[in-house]
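Structure first, commentary second.
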Amino acid sequence: MMLALCAGCGGGEESASSGDSGSKDGKQITIGYSQLGAESEWRTAQTESIKQAAKDAGINLQFSDAQQKQENQIKAIRSFIAQGVDLIAFTPIVETGWDTVLKEAKDAGIPVVIVDRDAKVSDDLYVAKIGTDSVAEGRKAFEWVDQYMKEQNKTPRGGGDQYQIAVLEGTVGASVSLGRSKGFNEAMQAAEDGSKYTIAMSQTGEFTRQKGQEVMESFLKSGGRDTIDILFSQNDDMALGAIQAIEAAGLQPGKDIVIVSVDGVKGAFQAMIDGKSNCTVECNPLQGPLLMETAKKILNGEQVDKMVYMDEGVFPAEVAEKTLPERKY
Ligand code: AHR
């Protein structure tokens, strides 16, 4: 395995390869991958999956970490074009603003694969998307909440006849934040008893534990301490931060406030085992093997699906103890 730093790209860039197979016309394949950053436990698992899969496939991976800045991702993609990599893959931090740089990749004849999050670009600017269905994740989160609240038959904490929901949103403008909000809200509107719920507070926690804690603290201080029934956190890391804020406010997370989050990382399973969270909706980060397989097919001139979603489940607290040992991230 070879590791080398590479100049001229946005964020930190490194190259990793094992030196076996993964070839096109007898030459080792090089993929330039622009990762958006390292904001969560989930993101770490996704980065690891991509690096390991490249190594296993004998593909030379030029990896660039954009440190949460779209401009760094654009710089990295331009650097990959200048280097003449065989294929470019990237995880767009936000949905919009990619047309110009992807046209440059197209003009250079370099195929592009969009990974994990979505980008709003025309179909001719990418060959394939590999990702997760964020609208379905939001819908599953609401459906689980609705079922649970029916079973528990709780009285709304703030009085009245509506359950008050607080939402910790992800990165502003990210497809997964928009999709999870859309899925959750649409499921709430479509539910038979959807009028029993109201979204009382909603703010971005930027997908980080620290910001999740800070925003939850401010929700609790601005009246939420006595009124919030449900927390929908758009990722597990923010929920783990929020749990600390809820405990510091003298409440019991998972009991006084029902918590559903998205990702399915080990930390969320442990929180459920500890009785501090109630459900995690899976968003599968193990995207590396599919990315490498797709890249090889594209470079061999084979047909690939334009959009492939990863398999994802829903894990409520009652299965956490049994499931945690099997979790890979
Ligand atoms: O794009 C996937 C999301 O980004 C994950 O839910 C979150 O944890 C990550 O930071």
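The values are calculated or read from the model by the stated rules, or taken from the named source; none is laboratory data. Quick caveat: nothing in here was measured; it's all calculated off a predicted structure. Ideal geometry is used to build each Cβ from the backbone, glycine not excepted, and the neighbour counts take in all protein chains shown. Just so you know, the surface numbers come from the protein's heavy atoms only, side chains and all, with ligands and any DNA or RNA stripped out. Shrake-Rupley method; radii C 1.70, N 1.55, O 1.52, S 1.80 Å.
Quick one: Debye curve from the alpha-carbon atoms of the range 245-323 only, equal weights, vacuum; give me log10 I(q)/I(0) at q = 0.17, 0.24, 0.27 Å⁻¹ to two decimals.
-0.71, -1.04, -1.20
Near Lys221, which aspartates and glutamates are there with a Cα under 14 Å away, not counting those fewer than 8 places off in the same chain?
Within the straight-line limit of under 14 Å, Lys221 reaches these aspartates and glutamates: Glu247.
Past the 25 Å Cα-Cα mark, which pairs from Lys27/Lys55; Lys69/Lys297; Lys150/Lys255; Lys266/Lys296; Lys129/Lys276? Please list the in-between numbers first.
Working: Lys27/Lys55 16 Å; Lys69/Lys297 30 Å; Lys150/Lys255 15 Å; Lys266/Lys296 31 Å; Lys129/Lys276 35 Å.
Those over the limit are Lys69/Lys297; Lys266/Lys296; Lys129/Lys276.
Leu87's amide H: which non-local residues (gap 5+, or another chain) put their own amide H closer than 5 Å, with H modeled 1.01 Å from N in plane and none for Pro or chain starts?
Thr30, Gly32
Using a 1.4 Å probe on the protein heavy atoms, what percent of the accessible area of the range 134-283 belongs to carbon and sulfur? Walk me through the intermediate numbers first.
Numbers: 2550 of 5750 Å².
Looking at the range 134-283 in its full context, I get 44 percent from C and S.
All other residues with a Cβ under 12 Å from the Cβ of Asp274 taken together, and with Lys, Arg as +1 and Asp, Glu as -1, what is their net charge?
0
For the range 267-329, with every protein chain kept in place, what is the accessible area per residue (1.4 Å probe, Å²)?
Ligands and nucleic acids excluded, the figure is 50 Å² per residue.
So what J values fall out for the range 159-175 if you push phi through Karplus, 6.51 cos²θ - 1.76 cosθ + 1.60 with θ = phi - 60°, rounded to Hz, Gly and Pro as x?
Once rounded to whole Hz, the list reads x, x, 10, 10, 7, 9, 10, 9, 10, 9, 7, x, 4, 5, x, 7, 4.
Grab the eigenvalues of the alpha-carbon gyration tensor for the range 134-283, scale each by 5, take roots, and send me the semi-axes largest first in whole angstrom. Write down the numbers at each step before the final one.
On the way: eigenvalues 72, 68, 43 Å².
Equivalent-ellipsoid dimensions as semi-axes: 19, 18, 15 Å.
Looking at the chain, what % of its DSSP beta bridges pair antiparallel, to the nearest 5?
Details: 14 of 55 bridges.
Of the beta bridges lying entirely in the chain, close to 25 percent run antiparallel.
With each run of n ≥ 4 DSSP H residues scored as -39500 (n - 2.57), what mean residue ellipticity at 222 nm is computed for the chain after dividing by its residue count and rounding to the nearest 500 deg cm²/dmol? Don't skip to the end; give the middle numbers.
Values: 10 runs with 125 residues, N = 329.
Taken over the chain, the calculation gives -12000 deg cm²/dmol.
Less than 17 Å apart at the alpha-carbon level, and either on another chain or at least 8 residues along: which aspartates and glutamates does that give for Lys120?
Straight-line reach from Lys120, under 17 Å: Glu71, Glu95, Asp99, Glu104, Asp133.
What does the chain give for Rg and for Dmax, in Å, if only its C-alpha atoms count?
21.0, 70
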